[in-house]
Amino acid sequence: MSWDFGTDPALQEELDWIRRYVDEVILPLEVAGEGLNQKQLDALWQPHKDEVKARGFWAPHLPPEHGGGGKGQLALALIHEVLGRSVLAPEIFGCQAPDSGNAELLAVGATPAQRERWLEPLLAGRVRSTFALTEPHNSGSDPTGITTRCVRDGDHWVIDGHKWFASNASVSDFMILMAVTEPDAPPHRRAAMLVVPCRHPGVRLVRDVGTMHHPYAADEGALMDRIGGHTEVIFENCRVPLDHMIGSPGDGFVLAQKRLGGGRIHHAMRCIGQANRAFEMLLERAASRTTRGKLLGQQQLVQEMIAESCAELEMSRLLVLRAAWTMDREGAHGHAARRDIALVKFVVPRTLLGIIDRAMQVHGALGYTTDLPLEEMYRMARALRIADGADEVHKQTVARELLAGRKPVDVPTEHMPSLRRRARELFGERVARIREGRA
Ligand SMILES: Cc1cc2nc3c(=O)[nH]c(=O)nc-3n(C[C@H](O)[C@H](O)[C@H](O)COP(=O)(O)OP(=O)(O)OC[C@H]3O[C@@H](n4cnc5c(N)ncnc54)[C@H](O)[C@@H]3O)c2cc1C
């Protein structure tokens, strides 16, 4: 028997330290940074990053051979679950999106020279990065339809196109860009990935798009001066040397799969942490507020909210842990891991939104105010049903994986008349003897 729901004591000790650090240091640090720009924030955050590095917790998403402190996806799931309580914690622990996914991509796809140039500073936390795939005029759910072009001209690649939701591009050092190199190749061999500096001739950072998270009208020129923006970028005759391509022309989608699988499950892991935080707020309020002479927690409809939230959280958590366990056993690209990652990608944000919503509800008007973090948590969580692939796309993946290899049948396997016929063939005589008292 190898099923085990326990956590290794040494890892538990580390998780306990991380939990204390997140609650006692990082949550106040998040608030201390309100209104500061990225340069000021970096100065505020650096001593804490140094402390995390000294403790050996930095970059837990990468294995040691790629420069991280990783112990596999299952341990990472438990770490992310604690880090996910705070939106800042992944940054302080060197595993924030999109840098973490980009680092994974460079670790597996880049040449030694490219790794030295871009991965090492990224891992050390000296630079920031962006991932630019989605385009405003093409469906991100079918990235084989991107139209940003990359054409070779002597010893340079020349890029022309239009991207948006290139998260953090306004404060990043470089982006990993997907562009079409082979327009006539089969759909999944048309594109390549390139490293492009964010401030570079031919790269126009148009604006950080206003969103539910940052609800301001974002006209041209509106760029955020801190991480968290989603940038619209236009490439016009943008030239980068040939050695800026990761892999070869046409390799883009193979590389994207390596990047996106990990990124998706990391989001789900962090969602569990956010959902836990909201659930604790729900419980605290239910145990503190009275109405009609009774605590909220003694009202049956609130008890239902508590029980439903607990059940959804536990189910989602187990699903995430199983996905991580499967990745550790079979790698991220097997059928089982693909199905599990797609499952958690649409199930967990739904759980998170439901629990935040109930936590807001039991806080009444207070839950709707900015005196509590719930409203911001809700606005951020909503994006996760779209970012890194819309729910519908992941549901399609699950269904496709489950249907793969299924053979069509003329008659359903569970067809009762057929089963009765078979039963008669197998047991008819015996049943007849029993009926007639001859057995
Ligand atoms: C907060 C945030 C951060 C992001 N960060 C990045 C980033 O860093 N880099 C980057 O490149 N992109 C990023 N994105 C973009 C994201 O990956 C895309 O928005 C996503 O892939 C969906 O693409 P789309 O917006 O073009 O929607 P579309 O593809 O136009 O889809 C619209 C809707 O159609 C429905 N739909 C789509 N396909 C199907 C289907 N097969 N069956 C049924 N219904 C379907 C879904 O409801 C979907 O929401 C980010 C998005 C958000 C919200």
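Values in this text are rule-based calculations from the coordinates and carry no lab data. It should be emphasised that the depicted structure is a prediction, and the values quoted were computed from it without experimental measurement. Note that each Cβ is placed from the backbone with ideal geometry, even for glycine, and that neighbours are counted across all protein chains shown.
Can you give me the distance in nm between label points at A10 and H188, each placed 7 Å from the Cα along the Cα-to-Cβ direction?
Result for the modelled spin labels: 3.9 nm.
Measuring from label point to label point, each 7 Å out along Cα→Cβ, what is the A307 to E375 span in nm?
3.3 nm
Which trypsin sites (Lys or Arg not before Pro) in the range 139-222 pass both tests, a DSSP loop state and at most 12 other beta-carbon atoms within 10 Å?
Answer by residue number: R199.
Work out, step by step, the length gained on full extension between E34 and V431: first 0.36 nm times the residue separation, then minus their alpha carbon distance; give nm to one decimal.
135.0 nm
Counting Lys +1, Arg +1, Asp -1, Glu -1, what net charge surrounds Q300 among other residues with beta carbon under 15 Å of its beta carbon?
Surrounding charge for Q300 is +1.
Among the GluC sites (Glu not before Pro) in the range 384-439, which ones are in a DSSP loop with at most 13 other Cβ atoms within 10 Å of the Cβ? Mind listing them? Kindly include the intermediate steps, with their values, before the conclusion.
Values: sites: E392, E401, E414, E425, E429, E436; in loops: E414, E436.
In loop regions of the range 384-439 (DSSP not H, G, I, E or B), the sparsely surrounded GluC sites (Glu not before Pro) are E414, E436.
Rank G125, G221, G67 by mean-square fluctuation in a GNM of the chain with C-alpha springs under 10 angstrom and give only the top-ranked residue.
Maximum fluctuation in the GNM of the chain, among the listed residues, is at G221.
Over the chain, with a Gaussian network built from C-alpha contacts below 10 Å, which listed residue (A268, A390, A365) shows the highest mean-square fluctuation?
Of the options given, A365 has the highest mean-square fluctuation.
Can you tell me the Rg and the Dmax, both Å, for the Cα atoms in the range 129-246?
14.0, 44
Decide, for the range 9-124, between rounded, prolate and oblate: order the square roots of the alpha carbon gyration tensor eigenvalues as a ≥ b ≥ c, take rounded if a/c falls under 1.5, and otherwise choose prolate if a/b is larger than b/c, else oblate.
Verdict is oblate for the range 9-124.
Given Cβ point charges of +1 (Lys, Arg) and -1 (Asp, Glu) and nothing else, what value in debye, to the nearest 20, does the dipole of the chain about its Cα centre take?
Roughly 1740 debye, rounded to the nearest 20.
Name the lysines eligible as straight-distance cross-link partners of K163: C-alpha to C-alpha under 28 Å, and not fewer than 8 places from it in the same chain.
Once the sequence-local lysines are set aside, what remains near K163 is K39, K258, K345, K395.
Quick one: net charge of S2's neighbours, Cβ under 13 Å, K/R +1, D/E -1?
Values: positive: R329; negative: D4, D328.
Within the 13 Å Cβ shell, the charges total -1.
Starting from the coordinates of the alpha-carbon atoms of the range 194-282, obtain the Kirkwood hydrodynamic radius over all distinct pairs and give the value in Å to one decimal.
Evaluated over the range 194-282, this radius sits at 16.5 Å.
Once you have the Cα-Cα distance between E65 and A113, take 0.36 nm times their residue separation minus that, and quote the gain in nm to one decimal.
The E65-A113 span can extend by a further 15.7 nm.
Assuming 0.36 nm per residue, please report the length gained on full extension of the stretch A423 to H213 beyond their Cα-Cα distance.
Details: separation 210, 0.36 × 210 = 75.60 nm, distance 6.19 nm.
Additional length available on full extension: 69.4 nm.
Okay, which of the range 101-120 sit inside 14 Å, backbone N to the point 7 Å along the Cα-Cβ direction of D243?
Correct set: 111-119.
Need one word for the range 79-196: rounded, prolate or oblate. Basis is the Cα gyration tensor (sqrt eigenvalues a ≥ b ≥ c); a/c below 1.5 gives rounded, then a/b vs b/c decides.
prolate
What does the charge dipole of the range 1-154 about its Cα centre add up to, to the nearest 20 debye, if the Cβ of each Lys and Arg holds +1 and the Cβ of each Asp and Glu holds -1?
That gives a dipole near 500 debye.
Cα extents of the chain along the three principal axes, largest first, in whole Å?
Cα spread of the chain along its principal axes, largest to smallest: 95, 67, 44 Å.
Grab the DSSP H runs of the chain that are 4 residues or longer, score each as -39,500 (n - 2.57), total them, divide by all residues and round the 222 nm result to the nearest 500 deg cm²/dmol.
Value at 222 nm, helices only: -15500 deg cm²/dmol.
Please give me the summed charge of the neighbours of V393: other residues whose Cβ is under 14 Å from its Cβ, Lys and Arg +1, Asp and Glu -1. Working shown, then result.
On the way: positive: R264, R338, R339, K345, R385, K395, R400; negative: D142, D388, D391, E392, E401.
Computed value for this residue: +2.
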